[in-house]
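I have placed the structure first, in the form of structure tokens, so that the comments after it can refer back to it.
Rule-based calculations on the coordinates, nothing more; no lab input. These numbers come from a predicted model, not from an experiment. Glycine gets a Cβ as well: all are built from the backbone with ideal geometry, and neighbour counts include every protein chain shown.
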């Protein structure tokens, strides 16, 4: 595996994440970064200012560079820089959804003609692995439909309108204050951002060139708190859905607009800034990929992923699928279940007499185990009661000792169930 | 791209799906298939019986074959056949979770020594793209935790116990009758199947060799209907969770057991036979991949995907990332929004007088539009009422005409909202 040399265009939020992420990889070297202002303070430790230049064109013309990573966004100068890079024999990694939506066909054709690749995992749905899986491990499929939540800002607003029974205007203002929405939110709330992403995603999924101007687009600014209330009553959530479907071999239905989505679907439960893509095809049926759709580090995961894949392929000629090899994993000690730390759900049958819950609480406290919930669920004919407990985090051997003690002390007649509780929230 | 020659071992459910799927790919040729009984009737049209042999060893010894696809499952004779294939210079694709869990280390080492790859996307979580994304586009990440639903049978049983407030025994019996559970359900319900899958998934995710015998395992047979009821009351679902976490660089916590999962997580909403894997790492944060965990075609998607990826790499030396190239997508007509077919949510303000709903229904019926739901939501001070409608599927231009007509006829004072309804169920 040879060492590859990277030239980066831009050093904003995502680019900083890429820079920090790639520092751990020995076979990748960032040799030059184009910025607007060399002296601007940046959130990167020990950044060598000699890496920086204000002359982006000098980077795409630098013969020693193998791969250009474009992270400035927008059409120009990104388009000219990428075009020049390809003509100069470089591969390109980009997260530029607008450029790909508006000029993807032309740029991909140019790359193909020059035997170069353009990778763009970071351009669509941030950190979610999407483009590479569709192009590789899902390649057996004919994909017929994409349904996706591709914009975090609008999903954040719709989720908050739902949770807080609040109006669009109030939630937008709050989102702007928190930095989840721009001062001018048009690109997000009117669906432009989602439509850009959908243009490229639909093109590679349906294997049909979908033009950005053919995509019907409608934003969320007219969705009311009442609409969301009625949606809930009827078994739905409202989401800004990016939809692309091949209705026959020559016709596609491609659009971005708010949609009632049944609560029985995975998409209905994708909340706040999370993105998700449901892919329908044959032979796979349906898969849903969800995760962070934006942000410094999630998007850096995708951009760095593209770069790492390229780094394994450049210069490799006699070695098939280097990345799919056995990784000679190192050994590790696996924790005994008694030493694991969990919350616990306990269903106990106890005698229905005064002070049982108190004694139970004291014995738990003695072992350092806090109780998060205690519910008494009725009294039976035999004068026993069912007590339901959820503990805070504790060691399995400690909770087992407590149960043993509770039984010996006659506090509980029977342990009906003990189930571990995932510590997700 | 050269044409690759495949030898298949086994022609059961998944193998049949693989056979049917690969028929569409010109560069892949299945030249021989090992079966137990050549004359057994099979659900494959025009199967050439000359492809079949009962001598599996003759396939792994066949010099003309590039790739062995092992789909018989179990340890032997699969292990001997795969070992011989690798020693004979062949790449291997397998969906054999038990073999990889018990002998993966040895087999991967052998492949590495012989400069061959073993691909196994179909062995874990059926159709969900998982292994290849983890090894390629997610390669920038240090994965710290896997939480997964890896067994469809147990998830089907737990979902039904929840939905129907039924006992484990009753639901198991029903699942057996429907073919979702085996006559002897032990491998599924006691967590062996999930543990096999977790052994390999944890190994490649955490980059630590996780041995199957180190995995704590507990099944779902002791989960009661009451446990599920209390879980719901407390904001949880119960799922059979495969959990693997690197607690420090030398210690892993790896186990399969029932778990309370907060309803705020994606995993809580993965129902019936669907599988899902939540991956936590840096820089990505958290992604969840969900889809069909088993079945003829979903698993065939993964097995065929592995084969197609190999077919693009074998014999390719001077061409980087052939699968990530522009696909020269063909053009397509994009349907005008007026010609799309949807269900519609309508929020209407109407005069509060007798017969308005009736007239509204008649005008819709005239245009061939059926109404799925009609709700009247109270009367305002100005003697108007709010009517909420969800229609059945109809053309957008037809519903717009109906709304226009309703306004002209004075049936509705105001269209407050019109939102399209996804036709998912």
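Listed highest first by mean packing, meaning other Cβ atoms within 10 Å per residue, what order do B:157-163, A:98-104, B:356-362 come in?
Put in order of decreasing packing, that is A:98-104, B:157-163, B:356-362.
Among DSSP beta bridges lying fully in segment B:170-262, give the percent that are antiparallel, nearest 5. Don't skip to the end; give the middle numbers.
Numbers: 12 of 14 bridges.
Around 85 percent of the beta bridges assigned by DSSP in segment B:170-262 are antiparallel ones.
So if the hydrodynamic radius of chain A is defined as the Kirkwood radius over C-alpha pairs, what does Stokes-Einstein give as its diffusion coefficient at 10 °C and 1.306 mPa s, in µm² per second?
Approximately 63 µm²/s, per Stokes-Einstein.
On a 0 to 90 degree scale, rounded to 10, what angle separates helix B:13-22 from the longest Cα axis of chain B?
Relative to chain B, helix B:13-22 is tipped by roughly 80 degrees.
Can you list the distances in nanometres, one decimal and ascending, from the residue A:393 label point to the identical position in each other copy, with the point 7 Å along Cα to Cβ?
5.0
Quick one: grab the alpha carbon gyration tensor of the protein assembly as shown, order the square roots of its eigenvalues as a ≥ b ≥ c, and give me rounded if a/c is under 1.5, else prolate or oblate depending on whether a/b is larger than b/c.
Because its axes are fairly even, with a/c under 1.5, the protein assembly as shown counts as rounded.
Per residue of B:224-236, how many C-beta atoms from partner chains lie within 10 Å of its own C-beta, taken as a mean?
So the per-residue partner count for this stretch is 4.
Got the residue B:49 label distances to the other copies yet, label 7 Å along Cα→Cβ, in nm, shortest first?
Inter-copy label distances (nm, one decimal, shortest first): 8.2.
Highest mean first, what order results for B:166-174, B:201-209 on Cβ atoms within 10 Å?
B:201-209, B:166-174
Distance in nm between label sites at residue B:46 and residue A:63, each 7 Å beyond Cα in the beta-carbon direction?
5.6 nm
Using only atoms on other chains, find how many Cβ atoms lie within 10 Å of each Cβ of peptide B:370-376 and report the average.
Per-residue shielding by partner chains comes out at 1.
In degrees from 0 to 90, rounded to the nearest 10, what is the angle of the helix A:168-178 Cα long axis to the longest principal axis of chain A?
Helix A:168-178 and the main axis of chain A meet at about 80 degrees.
If you count the DSSP beta bridges with both ends in the protein assembly as shown, what percent of them are antiparallel, to the nearest 5?
Restricted to the protein assembly as shown, the bridges split so that about 70 percent are antiparallel.
Take residue A:330 and residue B:173, extend 7 Å from each Cα along the Cα→Cβ direction, and tell me the distance between the two endpoints in nm.
5.4 nm
Given the Cα-Cα distance of residue B:383 and residue B:31 and 0.36 nm per residue of separation, how much length would full extension add, in nm?
119.0 nm
Mind checking the mean number of beta-carbon atoms from other chains within 10 Å of the Cβ atoms in A:411-419?
Average neighbour count from other chains, rounded to a whole number: 3.
On C-alpha positions alone, give me the angle between the axis of helix A:97-113 and the longest principal axis of chain A, in degrees, nearest 10.
50 degrees
What relative contact order, as a whole-number percentage, does segment B:337-421 give when Cα pairs under 8 Å and 6 or more residues apart are counted?
Averaging sequence separation for qualifying contacts and normalising by length gives 49 percent for segment B:337-421.
Taking a ≥ b ≥ c as the square roots of the eigenvalues of the Cα gyration tensor of segment B:277-324, is the shape rounded (a/c under 1.5), prolate (a/b larger than b/c) or oblate?
oblate
Using alpha carbons only, how many angstrom separate the centre of segment B:112-179 from the centre of segment A:302-368?
16 Å
With a ≥ b ≥ c taken as the square roots of the eigenvalues of the C-alpha gyration tensor of segment A:1-133, please select rounded if a/c is under 1.5 and otherwise prolate if a/b is larger than b/c or oblate if it is not?
Rounded shape, in that the Cα axes give a/c under 1.5.
Go ahead and set up a Gaussian network model of chain A, Cα springs under 10 Å, then flag whichever of A:378, A:191, A:74 fluctuates most.
Maximum among the listed residues: A:378.
Defining a contact as two alpha carbons under 8 Å apart and six or more residues distant in sequence, what relative contact order in percent does segment B:272-357 show? Mind dumping the intermediate values first?
Working: 33 pairs, mean separation 12.2, N = 86.
After rounding, I find 14 percent.
Do you know the relative contact order of chain B, to the nearest whole percent, from alpha carbon pairs under 8 angstrom that are 6+ apart?
Worked out over chain B, it gives 15 percent.
What are the nm distances, shortest first, from residue A:341 to its equivalents in the other copies, labels at 7 Å along Cα→Cβ?
Label-point distances to the other copies, shortest first: 5.7 nm.
Pop out the Kirkwood hydrodynamic radius of segment A:133-240 from its pairwise C-alpha distances, inverse of mean 1/r, in Å to one decimal.
The answer is 15.3 Å.
Please list the radius of gyration and Dmax for segment A:337-421, considering alpha-carbon atoms only, with Å as the unit.
Over segment A:337-421's Cα set, Rg and Dmax evaluate to 12.1, 39 Å.
Taking only Cα atoms of segment A:22-94, what ratio of Rg to Rh do you get with Rh as the Kirkwood inverse-distance radius?
Details: Rg = 12.6 Å, Rh = 13.2 Å.
In segment A:22-94, Rg relative to Rh is 0.95.
Using helices alone, I'd like the mean residue ellipticity at 222 nm for the protein assembly as shown: each DSSP H run of four-plus residues gives -39500 (n - 2.57), total over residue count, nearest 500. Could the numbers behind the result be given before it?
Values: 26 runs with 281 residues, N = 850.
Result for the protein assembly as shown, helices only: -10000 deg cm²/dmol.
To two decimal places, what compactness ratio does segment A:78-185 give when its Cα radius of gyration is scaled by 2.2 N^0.38 Å? Don't skip to the end; give the middle numbers.
Numbers: Rg = 18.4 Å, N = 108, 2.2 N^0.38 = 13.0 Å.
For segment A:78-185, the normalised Cα radius of gyration is 1.41.
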